[in-house]
Amino acid sequence: MADYLAEKVRNSAIHIHENRKVTEILGEASVNGVILDDGTRLDVSGVFIELGAKGAVALESNLGVALDPETMKFISTNKKQETNVQGVYAAGDIFCPPWQVAKAVGEGCVAGLEATSYVKNIKEGHS
């Protein structure tokens, strides 16, 4: 699927700026451009920010976290958002549907509190 999508992008009107990062977003009341780390200015009317999200399968193969046994599409967690890998938590779209911001925020809050507790216990010598 990834190869198919990459080919569709290459054969489209999309301009790819590989290995570039946005260093500045331009505009007053709205976005009208960006500056890339090589100094290139791009005239754009909007910006979408994606922070390196990985799919559940990529995380499963890289970290060893278990996927849900029914669909094998989502990270499996308990009610504390803990995965099978100690110290690794999952929430939001990578955990399971429905795709709702409020649900993701709640799960993220639980995961954050549990991760904080986990780190605090390590610092105090409790595992």
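The requirement of being loosely packed, with under 11 Cβ neighbours inside 10 Å and closer than 30 Å to HIS126 by Cα is fulfilled somewhere in segment 55-63, by at least one residue.
Figure legend. Inter-residue proximity from segment 1-26: first residues surrounded by 11 or more Cβ atoms within 10 Å (Cβ to Cβ), second residues of a type in the set (Lys, Arg), beta-carbon distance below 9 Å, spacing 6+ or different chains. Indicated pairs: LEU26/ARG41. Residue pairs whose Cβ atoms lie under 8 Å apart, separated by 6 or more positions or on different chains, with the first residue in segment 61-79 and at pLDDT 90 or above and the second surrounded by fewer than 13 Cβ atoms within 10 Å (Cβ to Cβ), are SER76/PRO69.
Filtering segment 78-127 to residues that are polar (S, T, N, Q) and under 17 Å from the mean Cα position of the chain (by Cα) leaves GLN81, THR83, GLN100.
Residue-by-condition table, conditions (1) in contact with a helix residue (DSSP H, G or I) (Cβ under 9 Å, 6 or more places away or on another chain); (2) outside the structural domain of GLY87 (by TED's automatic domain parsing); (3) within 15 Å of VAL88 (Cα to Cα); (4) not in a helix (DSSP H, G or I):
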site: ALA13; (1), (2), (3), (4): no, yes, no, yes
site: ASN19; (1), (2), (3), (4): no, yes, no, yes
site: THR23; (1), (2), (3), (4): no, yes, no, yes
site: GLU28; (1), (2), (3), (4): no, yes, no, yes
site: ASP38; (1), (2), (3), (4): no, yes, no, yes
site: ASN62; (1), (2), (3), (4): no, no, yes, no
site: PRO69; (1), (2), (3), (4): no, no, no, yes
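Just wondering, is there one or more residues in segment 90-108 that are charged (D, E, K, R), surrounded by 11 or more Cβ atoms within 10 Å (Cβ to Cβ) and touching a residue at least 24 places away in the same chain (Cβ under 8 Å)?
Within segment 90-108, the first condition is being charged (D, E, K, R), and the residues that meet it are 93, 103, 107.
If we keep only those that are surrounded by 11 or more Cβ atoms within 10 Å (Cβ to Cβ) as well, we get 93, 103, 107.
Next cut, touching a residue at least 24 places away in the same chain (Cβ under 8 Å) only: 107.
Yes; the residues of segment 90-108 include at least one that is charged (D, E, K, R), surrounded by 11 or more Cβ atoms within 10 Å (Cβ to Cβ) and touching a residue at least 24 places away in the same chain (Cβ under 8 Å).
The values are calculated or read from the model by the stated rules, or taken from the named source; none is laboratory data. Just so you know, these numbers come straight off a predicted model, no measurement behind them. Backbone-built Cβ (ideal geometry, glycine too); neighbour counts: all protein chains shown.
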